[in-house]
1. Are there any GluC sites (Glu not before Pro) in region B:1-54 that are in a DSSP loop and have at most 12 other Cβ atoms within 10 Å? List them by number.
2. Measure nothing but the geometry: give the 0 to 90° angle between the long axis through the Cα atoms of A:483-493 and the longest principal axis through the Cα atoms of chain A, rounded to 10°.
3. How big is the convex hull of the Cα atoms of region A:147-290, per residue, in Å³?
4. When the helices in chain A are scored as -39500 (n - 2.57) per DSSP H run of 4 or longer and the sum is shared across all residues, what 222 nm value do you end up with, to the nearest 500 deg cm²/dmol?
5. Nearest 10 degrees, 0 to 90: what angle lies between the long axis of helix A:533-542 and the longest principal axis of chain A (Cα atoms)?
6. Taking a quarter of the surface of the convex hull around the Cα atoms of region B:3-262, what do you get in nm²?
7. Setting aside same-chain residues fewer than 8 positions from B:LYS258, which aspartates and glutamates have a Cα under 20 Å from its Cα?
8. Quick one: helix A:342-359 against the long Cα principal axis of chain A, what's the angle to the nearest 10°, folded into 0 to 90?
Amino acid sequence: MKKKKPQDISLVLVGPAGMGVQTVEQVLVKVLQSAGYHIYATKEYMSRVRGGMNSTSLRVAGSPVRAPVDRIDLLIPLAAGAVSHVAKRLSSSTIILGEKALFEKEIEDGFRAIDIPFSKIATEIGSKIYSNIVAVGLLGALFHVEFQLLQDFIRKRFAGKDQKILDENGQALQAGYEQGARLAEQENVEFDLKPDPNVKKQMLVSGAEAVGLGAIAGGCNFIAAYPMSPSTGLLTFLAKHGRDFNILVEQAEDEIAGINMALGAWYAGGRAIASTSGGGFALMTEGLSLAGMIESPLVVHLAQRPGPATGLPTRTEQGDLDLALYAGHGEFPRVILAPGTLQQAFDLTGHAFDLADRFQIPVFVLTDQYFVDTYYNTDRFDASEDRVHHHFIESEEGYKRFALSDSGLSPRAIPGHGKGLVAADSDEHDEFGRITEDLDLRVKMVDKRLARTKFLVEEAIGPTLWPQESDSKHLVICWGSTLPIVQEALERIGRDDLGLLHFSQVFPLHPAAAQPIGKAQTRICLENNAGGQFARLLKTYADIEVDHTILKYSGAAFTVEEIVTRITEILD
Amino acid sequence: MDEKHFTPENIDMAWCPGCGDFGILKSLKKALAELEIAPENLVMVSGIGQAAKIPQYLNCHYFNGLHGRALSPATAIQAVNPHLTVIAESGDGDMYGEGGNHFIHTIRRNPNITNIVHNNMVYGLTKGQASPTSRRGFKTPVQVAGVLLEPFNPLAVAIALDASFVARTSITDPDHTKAIIKQAIRHEGYSLVDILQPCVSFNKINTYQWFKDHAYPIENHDPHDRRAAFDLALQESENGKLPLGVLYVNPDKVPYHKAAGLYESDSSPLWQRPLDREKLCTLIAEY
Ligand SMILES: Cc1ncc(C[n+]2csc(CCOP(=O)(O)OP(=O)(O)O)c2C)c(N)n1
Ligand code: SF4
């Protein structure tokens, strides 16, 4: 891939939960976006509500940035322990900005720290709580954001608070801004990035929101879910917008209820999504199998986190591909989609509803903690096209829900629409849906359920190859959320004999999926898990083997530098 | 309306001759016919078990789902299309054992469904193990020394959770059963009808005669009096007596689909409501 290196500043905020890291982040990214900077942000947090140490890593750039880096240009530690928390990521070019007294002991020789008495400045203005606003003012100044823009933004955000608070917020912002200007002048800390006017027209959206918007665009009108990180973001998103879009949102008593409600909803003409993480999905598997038996459409959002068992609740992994692939007893078809970008998350979630409905199957949208908690600016999603087409029919008298046909697909009807009666039976059943132990009929019904696999393969989304239509000598293969990270890493390596193949549909595979892999001399499969599950899937379903795997299963996402190093090691 | 409307053609029934399930099926059909419920408007939802086969023997829509899970799809079906009459019906093992968590939380949720439970105090389909309602000391091939556990008291649990309608009948009295089922279906909100049902194959203790001896009709009871209802429900645990009739009604509870807020200004089922794409574009523009 062509050599490219983004001009960007990597800015990291670190502090214990509940200390305002989020306020600084939320205000800052919006302001920087309005100023025309490309923004990327990702979070890493502990499974606790207070204390511990969390960090938000931002990249502010003049061109698109969509991947995490190890490098830190500017570190804002908000408490003692914050510097140590990211010690591995520091270098002599990192600037640490903050209350020196808090972290002096944590800095090794040769690191550059600048003392900014955030809380002292804030206390003088009125209260320590304004520290975050001081920080926003300072950072705004370093990035040359116009003061007016900052001020308007802060006013809007705190609109409705009493005048004293508004005034003091304004003063805190001003004081921070002045500190920033002073730094720029006296300490030579300044970031000269060229804003891009297009950014203002774009949207800043997270993975969870992109899946949520995609679900709405796909006509979702039902979710019953049990909270579980990292899937909860989708549930809260749909809850927030439920009434506006006629979505029935329920917190189920457990995941078993959640998926069984989802199936009930589809049966009655609704469009439901079940959303959970690995542990919750494990409880759903009998329900998944029921979807297979009653040929019900179903969309499952499975946001992965590291297991087994409770694992690392707030961390990331691509460890549940096998689970999605093999979950549910008995044999029945399914589709597994795994978005790599926010645009894909929007498109594929909508597509999942359509596929599920057309082929009467469960369709997975497989994400992970890294993906749902990450956001960046991207072109506004286009919802102008009508993508919701119901695939059920108005039934006639004598209707047979499971009528045998060559295609294996019987027209699906719903109760209350037409004169026919609609049966769903988890036992093996006849064409009407009545329980049967006729073993010849059993064979026909199994064949019928599996016959649609043919269409699923025909409709499969093929992998995307970079550079387009190339025959790269060396090929990196990845799937799902790792896409932009690998992309940036390959751009940094900049070898024209090195290509990338990304799968946003991991099952079933597109019939031509293996072709570019077959042509490559060195095949490297990169996955955020320990077992190389996708490499195994390629072997099993496309009969193609990779030469190397790059695996990571610490609970953290890959970083660009890490991928550069590991690919270079293989190729050198 | 004739109850024959609900009888499908050519069915092969899997119940043992003499089983109480036949009586329940007949009482249910009569109740449905008397209420003039059209088969096209009725969805029977069940789990797995002998009792849970009941939809197979009825001419109507049905969702014969997983063991223990009938209440979840039933809730969703009714909430997605409130024009349908939804009945969730299964055995005691299915509803109170495997589905116990859903039983509790469905009562709290209060969907407008009727929950009929065939209480035969045994697992029929799996051939005679203890059920949650089996009496202490009941011997089975698994409970070889007799049941050690305290029997589950569904009525007491339901009243404790302020279920909006709680009743018990016995199929030893089919007319009473029919009458109670009718009341339960008419009731708006969750209604529980626990039906005492002899299993002639695997329960030689709780027989027709046993139910006749232990059950009695409630008299002079105000079903709005929750404490009195609770006292009646506790009798089965305290002195082995099984009061029959409507124990408890709370008419003030709002059914789930209404509380969920999607039917205030629009009564159409969700599938009839198109996606408001303009609103979606506006939402996207906010990011
Ligand atoms: C998940 C699961 N566990 C166990 C079973 C086996 N099973 C089927 S019915 C049943 C119990 C039946 O008892 P009950 O619900 O009281 O109904 P009855 O047959 O007595 O009418 C059991 C344990 C199953 N089908 N699914
Ligand atoms: S096993 Fe018992 S409950 Fe089941 S059909 Fe036979 S008699 Fe009835």
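1. The qualifying sites are B:GLU9, B:GLU36.
2. Here the helix axis deviates by roughly 50 degrees.
3. Taking the convex hull of the Cα positions in region A:147-290, it is 185 Å³ per residue.
4. Per the formula, -11000 deg cm²/dmol.
5. 40 degrees
6. That works out to 12.8 nm², a quarter of the Cα hull's surface.
7. Partners within reach: A:ASP244, A:GLU250, A:GLU253, B:ASP162, B:GLU188, B:ASP266.
8. Compared with the principal axis, the helix lies near 10 degrees.
Quick note: the coordinates plus some simple rules give every number you see, no bench work behind them. Note that the structure is a prediction, hence the values are computed from the model and not measured. Positions of Cβ are backbone-derived with ideal geometry, glycine not excepted, and every protein chain shown enters the neighbour counts.
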